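Undergrad: Just passing along the structure, written as structure tokens.
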Amino acid sequence: MSARAISTLLYRRHRHDLITYANGIVRDRDRAEDIVQDAWERIDAVERAQRLEQPLRYLYRIVRNLALDGHRKRMRDIAGPIYNADRVVESIADDAPSPEADAIARDELRRVIDSMNELPDRTRRALLMHAVDGAKMREIAERMQISIGLAHKLVSQGKAYCAQQVDWRG
């Protein structure tokens, strides 16, 4: 049996489990199905060029990466931008915006900072480490002595809360 036939068989046998796995990350069955299909297309293309030692493991890895990438993009879209006060002030000074644009930017910055100050301490610290310091989830988890999953949850919740509050107050 060819490598391609083996991975096709693995795909058919594990498709439901792969969709369930992706759905656990993206929380959307239709998107999970699309992710699994995209993953299959990628593994199929790789197998045309080379034989994979562990095609099922590779397939799960691709599904995970695609699901996480899609989830992160969706969360960024939902949460919107989180601004660093210094970066906003620098960009205002460098770009010489109109007084109206300056006032709008300062008002938005004030709303973001107010929203961040309303967050629980642990959530605010995680969000600042990620948004301002550029720390990865693993680094946040290590510094705060929490799991990576909890670090991701705190950052996501913080972004979502600030975005919601900025929209509500605006």
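Undergrad: I'd like to verify a number: residues in the range 19-33 that are surrounded by fewer than 16 Cβ atoms within 10 Å (Cβ to Cβ), of a type outside the set (Ser, Thr, Tyr) and assigned to a helix (DSSP H, G or I), how many?
TA: Number satisfying all stated conditions: 4.
Undergrad: Separate question: Taking helices (runs of 4 or more DSSP H) that fall entirely within the range 35-142, which contain at least 2 residues that are open to solvent by less than 70 Å² (accessible area, probe 1.4 Å) and modelled with pLDDT of 85 or more?
TA: 55-79, 99-118, 121-131
Undergrad: If you scan the range 1-29, which residues turn out to be of a type in the set (D, E, K, R) and modelled with pLDDT of 80 or more? Talk me through it step by step, then tell me what you get.
TA: From the range 1-29, those of a type in the set (D, E, K, R) are 4, 12-13, 15, 17, 27-29; that's our starting set.
Of everything in the range 1-29, those that are of a type in the set (D, E, K, R) and modelled with pLDDT of 80 or more turn out to be Arg12, Arg13, Arg15, Asp17, Arg27, Asp28, Arg29.
The values are calculated or read from the model by the stated rules, or taken from the named source; none is laboratory data. Keep in mind the model is a prediction, meaning the values are calculated, not measured. Glycine also receives a Cβ, built like all others from the backbone with ideal geometry; neighbour counts cover every protein chain displayed. Ligands, DNA and RNA are stripped out before the accessible areas are found, and what is left, the full protein with its side chains, is counted by its heavy atoms. Shrake-Rupley method; radii C 1.70, N 1.55, O 1.52, S 1.80 Å.
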